[in-house]
Amino acid sequence: MQNNALFELFKAIFSDEDMTRVKGLATDLANELMVAERAEFLGAESHQRTPERRGYANGFKKRTFNSSRFGSLDLLHPQTRGTGKPFHSELFERYQRSEKALFIAAAEMYYKGLSTRKIRDLFADIFETRISPQFISRAATKIDDHIRKWKAERIDMDVPFLIVDAVYLKARENSRVQSKGVLIVSGIQRDGHRRVLDFSVDDLESEETWRGVFIRLRERGLSGVKMVVSDAHKGLKNAIQKCFHSSSWQRCTVHFIRNYRKKLKKQSDRIKVIQWLKNAYNSVCRKDALEEMRKASAYLRSIRKHRIATALEEEFEDTIQYMAFSAKYWRRLKTSNFMERLNGELKRRIYSIRIFPNVSALERLVGAILVEQDEQWRYGRRYITIDEADIIDSDNDEEEIEREISDNEKEEKIAR
C-alpha cells in the first residue's frame, strides 16, 4: 500500500469527508496493522529467523467488520501455527468500534510498547514524523470538540417523552479505579424520531447530578415533556419531579416485574403474581389493569405477604401512566426497553476495555458512540407516528422554563 494513499485516508477520516471513497484504503490499512501485530505476537517478521520467534504465520482468515463510516469491510485476520495460544488481533477485536479511535488506539499501543517496529515505521510514513503525544492530544481534542458541540446543540423540537437511565463503567482517577455513572437522557420527538439528547459522567447517580443534566437540557430548549420513563431510583425520581413537575412519571413495567419476581422466593407464587401483572399491562383500559393488580394483591395477602401486597398497591399506578395516552403508543411507552438496548450496546462495544485509563477517555468513547447513535436515530426510521391531536400543546412555556431553572439555581446556592 502506498504511503501517500495512507496519508490521504487519514486526512479524509479526520476531516469528516465522505468515507465511501476511501473504503478500500481503510481495509488495507487495517490489514497492514494486523499483520504488524502478528509479527509482534510471533517475535519475528515474515521469513525472519530469530531466537525470540514463538511460532509461524499461517495465512489469513476472512472476517467481516460492519463499520458505521465505511459500511461492511472484508478484512483478513492473520492466522498462526506452532504457538501456545491462538493469535487474536487487538486492533481488530478491540478498536473496530470507531475508525477514528483505531488510529488513536494504535498510537497509544505504540507508546505502551505493544506495537512493532513495522507499526512505528508505518505511522512515521503516514504522518511524515514520529507519532508524538502532542499528535494524539490534537486528534483526541478534535473528537472532544465534536462531542462538546453536540452536547450544546439547540433542541428545537418538542420532546413529549423522555427515557432516562444510567450505566456504570470503571475508570482510573487519582491512581484509583473508581466506578463512574454515565447518566443518559434519550427521548422521542414530536416528529416520532428518537434522540440521544445528552449524557454526563459523574461519581454517583443522585438527585443533584440528574438535576444538573435536566437543567442543561432545559437551557438548550427542551420543552413539551409529557412523560418521563425511568427506573425507581429515589434521586432520579426527585429530580424529575422538580424539573418536570407538570409531567407524569412512568416506571418501566419490565423493571417493575423483575423486582417483584425477586421478592417472591416460591416458584408457584412468582408464576401467579407475575401472570396477573402481565395481564394488567396487556389490559385495554386502566380499570381492567387495576382489577388484575388487585387480584395479585389479594393473593399476596392470602399467603401472608402483606408487606409486598401493600408495596404493590402503592407503586402499581406509577407503572400505568402510559395509559393516559392513545393506546397506539402503549407498547412503546410502557418500558424503557430501547434505552436498555442502548446501554447493552454501549457495554458490548467497550467490554474489552474493562477499565478506562482516565475519565476523559471514558467520556470520549462513550460520547462518540452516543453521537453516532443519535445520528442514526434522528435521520433513520420513525419510532412512533405521533398525531398532533394526541399530544396537548406544552404547558411549559418559556417563562415557566426560565422560572424553574431560576428556582433550581437558587436551591443549589442555598444548599452550597
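Quick notes on this structure:
- Estimated vicinal HN-Hα couplings, Hz - region 210-220 in sequence order (Karplus 6.51, -1.76, 1.60; Gly, Pro = x): 5, 4, x, 5, 5, 5, 4, 5, 5, 5, 7
- The phi torsions of region 236-253, fed into the Karplus equation with coefficients 6.51, -1.76 and 1.60 and a -60° offset, translate into couplings of 5, 4, 5, 5, 5, 5, 7, 8, 10, 5, 8, 9, 8, 10, 10, 7, 4, 5 Hz, rounded to whole numbers, with Gly and Pro shown as x.
- 3J(HN,Hα) along region 49-59, derived from phi through the Karplus expression 6.51 cos²θ - 1.76 cosθ + 1.60 where θ = phi - 60°, amounts to 9, 9, x, 7, 4, 10, x, 9, 5, 9, x Hz, with x in place of Gly and Pro.
- For Gln250, the residues whose modelled amide H falls within less than 5 Å of its own, excluding neighbours fewer than 5 places apart on the same chain, are Val228, Val229, Ser230.
- Taking 14 Å as the cut-off, the amide N atoms of region 249-293 that come nearer than this to a point 7 Å along the Cα-to-beta-carbon line of Arg307 belong to 263-265.
- Fewest-first ordering of Lys328, Lys334, Lys262, Lys295 by other beta carbons within 10 Å of each residue's beta carbon gives Lys262, Lys328, Lys295, Lys334.
- Here the gap between Asp288 and Arg190, fully extended at 0.36 nm per residue and compared with their Cα-Cα distance, gives a gain of 32.4 nm.
- Amide hydrogen neighbours beyond the local backbone of Lys170, cut-off 5 Å, H modeled: Lys180, Phe356
- Over 29 Å apart at the Cα level, from the set Lys180/Lys237; Lys151/Lys180; Lys149/Lys334, are Lys149/Lys334.
Every number in this text was worked out from the coordinates using simple rules, so none of it is lab data. This structure is a prediction, so every number in the text was calculated from the model and none was measured. Ideal geometry is used to build each Cβ from the backbone, glycine not excepted, and the neighbour counts take in all protein chains shown.
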